[in-house]
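Visitor: The structure that follows is given in the form of C-alpha cells.
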Amino acid sequence: MSQSDQSRLAEFMAGLERRNPGETEFHQAVHEVAQHIIPFIQRNPEYEEKQILERLTEPDRIVSFRVCWEDDEGNIRTQRGYRVQHNNAIGPYKGGIRFHHNVTQSILKFLAFEQTFKNSLTGLPMGGGKGGADFNPKGKSDREIMRFCQAFMSELFRHIGPFTDVPAGDIGVGAREVSYMFGQYKRISNEFVGVLTGKGLAFGGSEIRVEATGYGCVYFMEDMLKHRGMDLEGKRCLVSGSGNVAQYTAEKIIALGGKVVSLSDSGGSIYDPAGIDAEKLEWVKDLKEVRRGRISEYAEHFDCEYYEGKRPWGIEGELAFPCATQNEISGEDARTLVNNGCLGVSEGANMPSTADAIDVFQEARLMFAPSKAANAGGVAVSGLEMTQNSMRLSWSRDELNQRLRSIMGEIHRKCIQYGETEDGYVDYLKGSNVAGFVKVADAMIAYGVI
Ligand code: NDP
Ligand code: 2IT
C-alpha cells in the first residue's frame with residue numbers, strides 16, 4: 001500500500017472509531033475491508049466522489065428492543081434484542097440471528113457489515129443484515145427456548161418481511177429456533193410467507209440449507225487446492241466448533257477423502273488421530289442436536305485426547321477450517337499452524353482469524369479463504385430458499401447442491417479476478433472485498449443521494 005493510501009486509511013479509521021466508540025469487532029471488520037477498498041477507490045474516483053465507503057460503513061438502521069420472557073421457575077427474565085439492517089442496495093436485508101450471551105451491538109454490526117459483501121458475492125439479490133440477543137441458550141429447556149423465541153419475534157416481526165428483511169439462523173439459532181420464530185410470525189401477522197430461511201422442509205424450507213455453509217466452505221477449499229494443482233485426498237484437516245457449520249464441513253471433507261482429526265466447543269477440543277469417520281460424525285450430530293451435550297463426551301466415548309479450554313490449532317494438519325466463532329485464531333495460533341505445515345485455511349465461521357493471524361497466513365503465502373467468500377454457501381442457499389418460496393415450488397437436493405457448487409466456484413473465480421497478485425499468489429481477502437464492494441457500490445450510485 002502506498003504512503004498516501006496508508007494515511008487515508010489511518011484517517012478514515014480514526015473517524016470510524018470516533019463515531020463508534022468501543023466497538024472493536026466492528027472496527028476490525030471495517031479495517032479488513034477498507035485496507036483494500038481505499039486503494040481501489042483511488043483508481044476509481046467516482047466511488048470516492050460519491051462517498052460510497054463512508055455511506056457503506058454507517059448501517060441503514062439499528063433496532064434494539066427489550067425481550068421479556070418467563071423461565072421454568074416462573075422468574076421474569078429480560079434480554080436485549082437487536083436487528084442491524086445494514087444495507088439494502090441490492091435486495092432485502094438478509095442475514096442470520098445469533099443467540100449467545102456475548103452478543104453486543106458491535107458484534108452484530110460487524111456481522112451485518114460482512115454480510116453485505118458476502119451476499120453481494122453470491123450473485124443473488126440480497127442486502128445485508130444481522131440480528132440477535134444476549135440470551136444464553138445453554139442449559140435452557142425446550143419450553144424456555146420456545147418462550148424466548150416467541151417473545152423475541154413478538155417485537156422483531158414489525159421490522160421484517162419477505163420483501164424487507166429476511167432473517168435466518170446463526171450461533172445458537174438452528175432449525176428448532178427458526179421454527180418457533182416462524183410459527184410466531186405466522187400467528188401474529190396472519191401471513192404464511194418466506195420471512196425466514198432455514199425453515200423445516202414441511203413448511204417452506206429448502207433442501208441442502210442445513211448442509212450449505214459447511215459444504216460450501218469445503219467446496220471453496222477444493223477450488224483453492226485445484227488452483228494450485230492439489231486436492232483434499234488424504235489431507236489431515238483441523239476443524240473447530242461442533243455446531244451446524246463444523247458438522248457439515250466435516251461431512252464434506254470426509255466425502256472428498258480428507259481426514260478430520262479435531263472438533264471443539266467452548267469447553268475445549270478433541271483430537272482423534274484415527275480420523276472422525278461418517279459413523280463417528282453421526283454420533284456427534286446426535287450429541288449436539290438431540291442430546292445437546294459437550295464435545296468432551298466424544299473423547300470419553302471414542303477414547304481419544306481432550307484438551308480442556310484449548311482450541312485445536314496446536315494439532316498438526318495440512319488444512320484448517322475454523323467453524324466456531326470470531327477471533328478464534330490469534331497471530332500465535334497462526335504461526336503454530338504455519339510451522340506445523342498448514343497449507344490452507346477456509347473460514348467457516350465469521351471473522352475467526354484476527355488481523356495478526358491473517359498477516360501471518362498471507363506472509364507465508366498460504367491459501368487463505370476469508371469468511372465472506374468461504375462461508376457464503378449458507379446464505380446462498382437461503383437466497384435459493386427465498387426463490388423457491390416466491391415460486392411456491394421446491395427444487396430437488398441434486399439441483400440445489402449443483403447450484404451451491406456453481407455459486408462457490410463463481411465466488412472463487414471472482415476472487416481470482418480481483419485478487420491475483422503479480423507473482424501469481426491469490427489474495428482472496430482483497431479479491432472478495434473488491435468483488436463484493438463493486439456490485440453494492442454501483443447500485444448505490446444508481447440511486448443518487450439517499
Ligand atoms: P452453532 O451454534 O451451531 O455452533 C457454534 C459452535 O461454535 C459450537 O460448537 C459452539 O460451542 C462454538 N462456539 C460458539 N461461540 C464460541 C466461543 N465464544 N468460543 C468457543 N466456541 C464457541 O453455530 P453455527 O455452526 O451456525 O455457526 C458457527 C460460525 O459459523 C459462526 O461464526 C457463524 O456466524 C458462522 N456462520 C454460520 C452460518 C450458518 O448457516 N449457520 C452461515 C455462515 C457463517 P458451544 O456450544 O460450547 O458454545
Ligand atoms: O453468517 C451467515 O451468512 C449466516 N448466518 C447465514 C445467513 C442467512 O441468511 O442464511
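Visitor: Give the residue that is nearest to the chain's Cα centre (by Cα), with candidates limited to residues of segment 157-171 that are within 11 Å of ligand 2 (Cβ to nearest atom) and open to solvent by 10 Å² or more (accessible area, probe 1.4 Å).
Guide: If we filter segment 157-171 for residues that are within 11 Å of ligand 2 (Cβ to nearest atom), which is where we start, we get 165-171.
In the following step, the residues that additionally are open to solvent by 10 Å² or more (accessible area, probe 1.4 Å) were identified as 169-171.
Working: G169: 10, D170: 8, I171: 9 Å.
Of everything passing the filter in segment 157-171, D170 is nearest to the chain's Cα centre (by Cα).
Visitor: Which one of these is among the basic types (K, R) and open to solvent by less than 10 Å² (accessible area, probe 1.4 Å): K50, K94?
Guide: Working: K50 fails: open to solvent by less than 10 Å² (accessible area, probe 1.4 Å).
Every option except K94 fails the conditions.
Yes/no matrix, rows are residues, columns are (1) in contact (Cβ under 8 Å) with a residue 40 or more places away in the chain; (2) more than 16 Å from ligand 2 (Cβ to nearest atom); (3) not acidic (D, E):
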position: V379; (1), (2), (3): yes, no, yes
position: R392; (1), (2), (3): no, yes, yes
position: G409; (1), (2), (3): yes, yes, yes
position: Q417; (1), (2), (3): no, yes, yes
position: L429; (1), (2), (3): yes, yes, yes
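Visitor: Looking at S390, S406, can you tell me which residue is out of contact with any Ser or Thr (no Cβ under 6 Å at 6 or more places or on another chain) and farther than 23 Å from A246 by Cα? Steps first, please.
Guide: On the way: S406 fails: farther than 23 Å from A246 by Cα.
Result: S390 is the single residue among S390, S406 that is out of contact with any Ser or Thr (no Cβ under 6 Å at 6 or more places or on another chain) and farther than 23 Å from A246 by Cα.
Visitor: Can you find, within segment 188-210, the residue that is farthest from ligand 2 (Cβ to nearest atom) among those that are buried (at least 22 other Cβ atoms within 10 Å of the Cβ) and without any contact (Cβ under 8 Å) to a residue 60 or more places away in the chain?
Guide: Of everything passing the filter in segment 188-210, V195 is farthest from ligand 2 (Cβ to nearest atom).
Visitor: Give me a count of the residues in segment 221-246 that are farther than 18 Å from G317 by Cα and part of a helix (DSSP H, G or I).
Guide: So the count comes out to 5.
Visitor: Of all residues in segment 125-156, which are closer than 30 Å to A443 by Cα and either open to solvent by less than 10 Å² (accessible area, probe 1.4 Å) or assigned to a helix (DSSP H, G or I) (or both)? First the steps, then the outcome.
Guide: Step one: list which residues in segment 125-156 are closer than 30 Å to A443 by Cα, which gives 125-132, 156.
The answer is M126, G127, G128, G129, K130, G131, G132, L156.
Visitor: Could you please find all residues in segment 82-124 being part of a loop (DSSP other than H, G, I, E, B), away from ligand 1 (no atom under 12 Å from the Cβ) and within 19 Å of V438 (Cα to Cα)? So that I can check it myself, show each step before the final result.
Guide: From segment 82-124, those part of a loop (DSSP other than H, G, I, E, B) are 88-92, 100-104, 122-124; that's our starting set.
Subsequent filtering for residues that are away from ligand 1 (no atom under 12 Å from the Cβ) retains 88-92, 104, 123-124.
The answer is N88, A89, I90, G91, P92, G123, L124.
Visitor: Might you let me know whether segment 413-420 holds any residue that is out of contact with any Gly (no Cβ under 8 Å at 6 or more places or on another chain) and not in a loop (DSSP other than H, G, I, E, B)?
Guide: Of the residues in segment 413-420, the ones out of contact with any Gly (no Cβ under 8 Å at 6 or more places or on another chain) are 413.
In the following step, the residues that additionally are not in a loop (DSSP other than H, G, I, E, B) were identified as 413.
Among the residues of segment 413-420, at least one is out of contact with any Gly (no Cβ under 8 Å at 6 or more places or on another chain) and not in a loop (DSSP other than H, G, I, E, B), which makes the answer yes.
Visitor: Which residues, counting only those in segment 154-178, are more than 13 Å from ligand 1 (Cβ to nearest atom), of a type outside the set (A, V, I, L, M) and touching a residue at least 24 places away in the same chain (Cβ under 8 Å)? Don't jump to the end; show me each part of the working.
Guide: Quick first cut of segment 154-178, residues more than 13 Å from ligand 1 (Cβ to nearest atom) only: 154-166.
Of the ones still in play, those that are also of a type outside the set (A, V, I, L, M) are 154-155, 157-159, 161-165.
The answer is S154, E155, F157, H159, G161, P162, F163, T164, D165.
Visitor: If you check P167 against the conditions, is it part of a loop (DSSP other than H, G, I, E, B) and either among the polar types (S, T, N, Q) or touching a helix residue (DSSP H, G or I) at 6+ places or on another chain (Cβ under 8 Å) (or both)? Steps first, answer last, please.
Guide: On the way: part of a loop (DSSP other than H, G, I, E, B): no; either among the polar types (S, T, N, Q) or touching a helix residue (DSSP H, G or I) at 6+ places or on another chain (Cβ under 8 Å) (or both): yes.
So P167 does not fit the description; no.
Visitor: Identify, from the list G257, G267, the residue that is of a type outside the set (A, V, I, L, M, F, W, C) and within 16 Å of ligand 1 (Cβ to nearest atom). Walk me through how you get there before you give the answer.
Guide: Details: G257 fails: within 16 Å of ligand 1 (Cβ to nearest atom).
Sole residue among the options that is of a type outside the set (A, V, I, L, M, F, W, C) and within 16 Å of ligand 1 (Cβ to nearest atom): G267.
Visitor: On to the next question. Under 8 Å between Cβ atoms, which residue pairs at least 6 apart in sequence (or on different chains) link something in segment 310-339 that is polar (S, T, N, Q) with a partner that is assigned to a loop (DSSP other than H, G, I, E, B) and surrounded by fewer than 22 Cβ atoms within 10 Å (Cβ to Cβ)?
Guide: As it stands, the answer is N327/T354; S330/T354, since those pairs meet every condition given.
Visitor: If you don't mind, there's one more thing I want to ask. State yes or no: is E282 in a helix (DSSP H, G or I) and out of contact with any Phe, Trp or Tyr (no Cβ under 8 Å at 6 or more places or on another chain)?
Guide: Details: in a helix (DSSP H, G or I): yes; out of contact with any Phe, Trp or Tyr (no Cβ under 8 Å at 6 or more places or on another chain): yes.
Yes: the conditions hold for E282.
Visitor: Go through segment 388-422 residue by residue and tally those that are of a type in the set (S, T, Y) and either in contact with a strand residue (DSSP E or B) (Cβ under 7 Å, 6 or more places away or on another chain) or within 25 Å of N350 (Cα to Cα) (or both).
Guide: Our first condition is that a residue be of a type in the set (S, T, Y); within segment 388-422, this holds for 390, 394, 396, 406, 418, 421.
Among the residues that remain, those that are also either in contact with a strand residue (DSSP E or B) (Cβ under 7 Å, 6 or more places away or on another chain) or within 25 Å of N350 (Cα to Cα) (or both) are: 406, 418, 421.
Of the residues in that region, 3 qualify.
Visitor: Assuming V338 fulfils every condition listed in (1) farther than 20 Å from Y219 by Cβ; (2) touching a helix residue (DSSP H, G or I) at 6+ places or on another chain (Cβ under 8 Å); (3) within 16 Å of ligand 2 (Cβ to nearest atom) apart from one, which condition is it?
Guide: Going through (1) farther than 20 Å from Y219 by Cβ; (2) touching a helix residue (DSSP H, G or I) at 6+ places or on another chain (Cβ under 8 Å); (3) within 16 Å of ligand 2 (Cβ to nearest atom) one by one, V338 breaks only (3).
Visitor: Would you please list the contacts, defined by Cβ atoms under 9 Å and residues six or more apart or on different chains, that run from a residue in segment 347-365 that is closer than 22 Å to L108 by Cβ to a residue that is small (G, A, S) and open to solvent by 10 Å² or more (accessible area, probe 1.4 Å)?
Guide: G348/A324; A349/A324; P352/A324; S353/S330; T354/S330
Visitor: Do you know which residues across segment 26-69 are polar (S, T, N, Q) and more than 20 Å from the chain's Cα centre (by Cα)?
Guide: Q35, Q42, N44, Q51, S64
The values are calculated or read from the model by the stated rules, or taken from the named source; none is laboratory data. Quick caveat, the model's predicted, so the values are computed rather than measured. Here Cβ is always computed from backbone atoms with ideal geometry, including for glycine, and neighbour counts include all displayed protein chains. Quick note on the areas: whole protein, heavy atoms, side chains included, nothing else; ligands and nucleic acids left out. Shrake-Rupley method; radii C 1.70, N 1.55, O 1.52, S 1.80 Å.
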